[in-house]
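Any read-out appearing in this document is the output of simple, stated calculations on the displayed coordinates, not a laboratory observation. None of the values given here were measured: they were computed from a predicted structure. Backbone-built Cβ (ideal geometry, glycine too); neighbour counts: all protein chains shown.
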Amino acid sequence: MKSAAKAQQAEDSAETGAQQIRDAIREAIVERRLSPGTKLSESDVGNLFNVSRTLARAALQALSYEGLVSVEKNRGAFVAYPSPEEARQIFSARRLVEPGILREAAARITPDDITHLRQLLLEEGRLMSERGQTARRAEIKASGDFHLTLAVISGNSIMQRFMEELVARSSLVIALYGQSTASSCGHSEHGDIISAIEADELDRACQLMLHHIAHIEADLDLRERKSLGLKEAFEL
């Protein structure tokens, strides 16, 4: 019995370790510290987090199921490089899902939740006024946290995990196709959404959310680009 308990404990510990690595890499992708196409070798990941290659492989495999990592035979794992069509599908999914999350959240929201959301906005606004890469990364994370917090308030853990994936994949898309240096998520639009929820104007809040997602997508350049051969590339 003791050996079985120890085996179960070791299995649980391994699962927790892989999840911590997965969460850390996902956060780095959300903050755009890891760019699309970055190689993620099992040995490098293992050394970085001081774990075995087996644990590193499990974390990378989990991220591949979320669409954040691409595992290629004989080449290894890379931060995913979403196509323009994948990008469109990600934002289409957000338009379908987020108004529903918003309504669920509005049904459960408390004054403390509103205060927390307002604090997130204050932090986002403060970071927008700061310069430098560190502040920029923190601003991007704060912006995504607004959407994730609504999912947490909704009380639906499945939707929360789904939103974590969508926010992370959106960050990849924005890193690849974003055109402006402005915030990837309109700060003032977040405030308008909170105000509409607070006023119990749910239809308006949902319309504002859809407009907000459309605004983010409108800043992307998703035009298909024709791939050039070596000779053509140098004739430009």
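Dipole orientation for the stretch 81-164: of the candidates Ser157, Leu127, Tyr81, Tyr81 has the Cα lying most toward the positive pole (charges on Cβ; Lys, Arg +1; Asp, Glu -1). Taking trypsin sites (Lys or Arg not before Pro) across the stretch 35-120, the ones in a DSSP loop with at most 10 further Cβ atoms lying within 10 angstrom of their Cβ are Lys73, Arg75. Where in the stretch 15-30 does the label zone of Asp44 land, with the point 7 angstrom along Cα→C-beta and an amide N cut-off under 18 Å? What the label zone holds, given the 18 Å backbone N cut-off, is 21-30.
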